[in-house]
Amino acid sequence: MKIAGPAVAAVCATLSFWLPGEAHKGITSKFTYNADVYPIFLNRCGHCHVAGGVGPMSLLSYEDAFPWAESLRAELLETEGATADDPAGFIAAAHRNAPARELDVILDWAGGGTPEGDPAMAPRPVALRNEWTHGEPQLALPLGAPYQMPPDAMEAIQEFTWPLALSTAREANAIDVLPGTPAIVREVDLLLRTGTAAPRPLGTWIPKQNPAPLVLSPPARLEPGSTLVARVHYRKTWKYEGQPMTDRSTIGVYFLR
Ligand code: HEC
């Protein structure tokens, strides 16, 4: 046992160096998760950063949120300047949509020892709300078949079409998407094809903290025999890397009358 002695001593030395450092991580923030940070996460981030949401991690419990302190600082500081109009920037924009005062609270808490606060104020578990946000659509068009995303794919774009069985022309003023698997549905381009012309873009649906249908202004005239086209952009976060995923989203059309 000649070797074991020094090895154990070395391990102990390492532990005694690290453990107290972690355990007594200095708490310098006066903001706590339960009182100050959770309400902001719920209000600004929680629809995406909830179990099963499009964000890769939940921020809605202390245990889920505090390990992300470093990443929160990096993400919130670096996304300055992103705009929601830039399709690739909408997530970055969501990350800085919070007013400066709220961002300061998150950054101060994340850099100041991530105190939890009064356990009596700990939030109740929150589940993802995945439902039509504008009531049932008049026309609900589920994907013809579930899309199977292969384990090794991180991104995929799939096109789905629906010949519209309409007896008269109708004016649609909104389109919504009810994701089948919200974690991977990043963007849906909606187009309308009439006759043999190239499909006309109607707009792009994106996940949002406060989901809302895509408003068509002016309304789109759907002729009998026209075809609705949806290009669904799927993307996995690191959380689902290497896993097969399945989605069967539904497109909802709202008519003016
Ligand atoms: C519209 C949905 C949405 C909203 C709202 C949103 N996020 Fe995100 N967030 C995402 C997605 C999606 C990713 C993963 C980015 C990627 O993989 O491209 C992400 C990534 C992150 C990351 C990086 C995680 C990592 O993997 O390192 C942090 C930190 C983060 N979000 C914090 C926040 C905070 C804080 C808020 C609220 C102020 C917020 N997010 C609001 C969708 C959202």
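The values are calculated or read from the model by the stated rules, or taken from the named source; none is laboratory data. As the structure is a prediction and not an experimental result, all values here were calculated from the model. Because the Cβ atoms are built from the backbone with ideal geometry, glycine has one as well, and the counts that use them run over all protein chains shown. The protein model used for the area step is the full one, side chains on, heavy atoms only, and it has no ligands, DNA or RNA in it. Shrake-Rupley method; radii C 1.70, N 1.55, O 1.52, S 1.80 Å.
Solvent-accessible area per residue for the chain at a 1.4 Å probe radius, Å²? It would help to have the intermediate numbers written out before the result.
Values: 14290 Å² over 257 residues.
Accessible area per residue, the chain: 56 Å².
Determine the sum of side-chain charges near Met149: Lys and Arg each +1, Asp and Glu each -1, restricted to other residues whose C-beta is under 11 angstrom from that of Met149. Write out the running numbers ahead of the final one.
On the way: positive: Arg235, Lys236; negative: Asp152, Glu155, Asp247.
Residues near Met149 contribute -1 overall.
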message = Could you sort the peptides 213-224, 58-69, 114-125 by per-residue average Cβ neighbour count (10 Å cutoff), highest mean leading?
response = 58-69, 213-224, 114-125
ask   = Which whole-percent values make up P(r) of segment 139-255 when all C-alpha to C-alpha distances are grouped in 5 Å steps starting at zero?
value = 2, 11, 23, 23, 17, 12, 7, 4, 1, 0
Charge dipole (the chain, unit charges on Cβ, about Cα centre) - positive-most of Asn97, Ala145, Thr28 = Ala145
query = Given R₀ = 25 Å, FRET efficiency for Asp64-Arg200 by Cβ-Cβ distance, to 0.05?
reply = 0.05
ask   = Across bins of 10 angstrom width beginning at 0, how are the C-alpha pair distances of the chain distributed, in whole percent?
value = 6, 24, 26, 20, 12, 6, 3, 1, 0, 0
remark   = In whole percent, the fraction of accessible protein surface over the chain that belongs to carbon or sulfur atoms, probe radius 1.4 Å, stands at 57 percent
query = Under the rule of -39500 (n - 2.57) per DSSP H run of 4 or more residues, summed and divided by the residues of the chain, what mean residue ellipticity at 222 nm is obtained, to the nearest 500 deg cm²/dmol?
reply = -7000 deg cm²/dmol
task = Kindly state, to the nearest 0.05, the FRET efficiency for Thr28 paired with Leu77, given R0 = 25 Å and r defined as their beta-carbon distance.
result = 0.90
query = With point charges of +1 on the Cβ of Lys and Arg and -1 on the Cβ of Asp and Glu, referenced to the Cα centre of the chain, which listed residue (Ala110, Thr168, Leu59) lies farthest in the positive direction of the dipole?
reply = Thr168
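Just to confirm a number: summing +1 for Lys and Arg and -1 for Asp and Glu over residues other than Val50 whose beta-carbon lies under 11 angstrom from that of Val50, what do you get? Intermediate results must be reported in sequence, preceding the final value.
Numbers: positive: Arg129; negative: Asp64.
Spelling it out: positives minus negatives among the neighbours equals 0.
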request  = Report the one residue of Gly225, Gly242, Pro125 whose Cα lies farthest in the direction of the positive end of the charge dipole of the chain (charges on C-beta: Lys and Arg +1, Asp and Glu -1; origin at the Cα centre).
outcome  = Gly225
